[in-house]
Protein chains: 2
Amino acid sequence: MSYHTLVQHINRHVTLTEAEVEILKSLTRIKKVRKRQFVSEQGEITRYESYVVEGCLRCYHTDEDGNEHVVQFAVEDWWTADLHSFLTQSPAHFSVEAIEPSVLIQFGYNEMEELYRSIPKLERFFRTITQRAYVASQKRIITSFSKDASKRYDEFRNRYPTIEQRVPQYMIASYLGISPEFLSKIRKRKLTNG
Amino acid sequence: MSYHTLVQHINRHVTLTEAEVEILKSLTRIKKVRKRQFVSEQGEITRYESYVVEGCLRCYHTDEDGNEHVVQFAVEDWWTADLHSFLTQSPAHFSVEAIEPSVLIQFGYNEMEELYRSIPKLERFFRTITQRAYVASQKRIITSFSKDASKRYDEFRNRYPTIEQRVPQYMIASYLGISPEFLSKIRKRKLTNG
DNA sequence: AAATAATCTTGAACTAGTTCAAGATTTCAA
DNA sequence: TTGAAATCTTGAACTAGTTCAAGATTATTT
């Protein structure tokens with residue numbers, strides 16, 4: 001069943017009883033999305049936080065000039081949402097879109113609060129994973145300020161080898177904060193030279 | 001007493017009893033630092049997470065070329081630390097240094113775990129503030145990719161007018177991801193032209 | 001009140017990365 | 001299996017931001 005990986009994931013940080021797993025199941029839902037389907041859209045309220053059972057998605061912002069900027073990729077065992085929109089139930093600055101057909105477990109706002117009440121250790125779980133996400137985000141800022149595009153690309157490939165296989169190059173360029181043309185040139189340079 | 005603002009700060013998210021405030025006091029400590037004094041150093045283990053009662057600090061990374069990159073400023077009512085180092089008790093990638101003489105309330109690693117055990121609602125408190133920090137961090141990434149340096153500077157001034165007054169320009173440049181010379185030129189352009 | 005250290009400014013030369021345009025290649029739906 | 005859409009490549013012209021160097025200004029310490 002789809003919940004197996006989620007429960008294992010949570011159990012790496014806290015320990016859920018059988019009864020608690022049942023509560024969890026009852027307060028969440030499974031959502032399947034096609035390739036290129038939106039999970040949530042910029043301008044709309046993000047109603048759910050999503051755990052990825054299977055598939056690959058991107059969370060991205062479209063700026064005033066229409067350029068897209070990837071905030072985050074999400075693959076199996078990761079979470080995705082416009083967290084600000086979800087927490088404040090206000091219009092999102094980011095969209096979440098499937099890069100591959102995907103299966104998600106979704107947590108609604110009220111249901112999440114209910115889960116915190118009935119399974120308080122989930123507070124600890126979400127504190128922990130948010131702290132990790134925050135640490136990764138800070139690291140991304142410093143890397144983008146201190147290293148050039150070529151080194152950032154190397155680091156991305158080393159850290160996320162599977163994602164690199166599954167995602168179009170121009171989205172990786174966007175994640176790295178460079179143009180797709182420039183990433184293409186970086187790759188060429190790596191093939192011909194060192 | 002110095003704990004007053006911390007307790008108020010926590011009470012905006014959860015409600016502490018008198019007894020809980022006493023536990024909090026007993027498991028934390030007050031630390032005063034001079035201007036330019038380190039609170040924690042890159043390469044060392046970050047032993048404490050610090051709440052700022054008074055003063056102003058910066059958290060920054062020094063890269064291989066010796067260039068400094070500001071990860072975060074912290075003023076009254078904010079938190080600062082190399083969170084990764086603190087959580088994993090491993091050597092830090094960031095230093096925290098006082099920009100002004102400052103007063104901190106410090107939470108040690110073991111004491112923090114003890115606090116979570118004795119006052120479980122602190123899990124909720126730290127979950128909440130970490131989620132906010134994460135949201136702000138993601139926003140900073142996207143801003144730095146989608147807006148030019150001049151706009152980023154405008155946004156910084158609007159969002160943190162007090163910090164701008166208290167911090168040297170070259171640290172603001174570093175926070176924005178540009179050279180101090182270029183920030184100086186941006187400021188001149190703003191004075192002379194529009 | 002000096003002396004030293006820290007910070008800020010300015011200009012000239014440079015470069016990492018962008019933009020535009022056009023074609024080549026791959027993927028996917030019908 | 002073909003046509004359309006999506007993605008990737010390449011080169012030429014450009015620009016936002018850097019680097020270096022030197023002097024000016026402001027803080028801080030003695």
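The values are calculated or read from the model by the stated rules, or taken from the named source; none is laboratory data. Predicted model only: the values in this text are computed from it and were never measured. With ideal geometry, Cβ positions are generated from the backbone for all residues, glycine too; neighbour counts draw on all protein chains shown.
Observations on the model:
- For segment A:135-169, residues that are more than 16 Å from the chain's Cα centre (by Cα), under 20 Å from B:Lys147 (Cβ atoms) and not charged (D, E, K, R) total 7.
- Strands (runs of 3 or more DSSP E) lying entirely in segment A:12-72 (those with 2 or more residues that are closer than 27 Å to A:Glu164 by Cβ and touching a Lys or Arg at 6+ places or on another chain (Cβ under 8 Å)): A:38-40
Condition check ((1) touching a Gly at 6+ places or on another chain (Cβ under 8 Å); (2) assigned by TED's automatic domain parsing to the domain that holds A:Lys190; (3) modelled with pLDDT under 95; (4) within 15 Å of A:Arg187 (Cβ to Cβ)) across all residues:
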position	(1), (2), (3), (4)
A:Arg117	no, no, no, no
A:Lys121	no, no, no, no
A:Phe125	no, no, no, no
A:Met171	no, yes, no, yes
A:Gly177	no, yes, no, no
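- Where helices (runs of 4 or more DSSP H) fall entirely within segment A:121-194, those with at least 2 residues that are closer than 30 Å to B:Arg124 by Cα are at A:121-146.
- Condition met for A:Phe145 (touching a Gly at 6+ places or on another chain (Cβ under 6 Å) and surrounded by fewer than 21 Cβ atoms within 10 Å (Cβ to Cβ)): yes
- Exactly one residue out of B:Gln106, B:Gln8, B:Gln42 is away from every other protein chain (no Cβ under 14 Å) and in contact (Cβ under 8 Å) with a residue 40 or more places away in the chain: that is B:Gln106.
- B:Lys151 vs. criteria within 9 Å of DNA strand D (Cβ to nearest atom) and outside the structural domain of B:Trp79 (by TED's automatic domain parsing): yes
- B:Ser26 in contact (Cβ under 8 Å) with a residue 40 or more places away in the chain, of a type in the set (Gly, Ala, Ser) and outside the structural domain of B:Tyr160 (by TED's automatic domain parsing): no
- Checked against (1) within 16 Å of DNA strand D (Cβ to nearest atom); (2) away from chain B (no Cβ under 14 Å), A:Phe145 passes all but condition (2).
- Criterion applied to B:Phe156, B:Phe182 was being within 19 Å of A:Ile142 (Cβ to Cβ) and within 11 Å of DNA strand C (Cβ to nearest atom), and the one residue passing it is B:Phe182.
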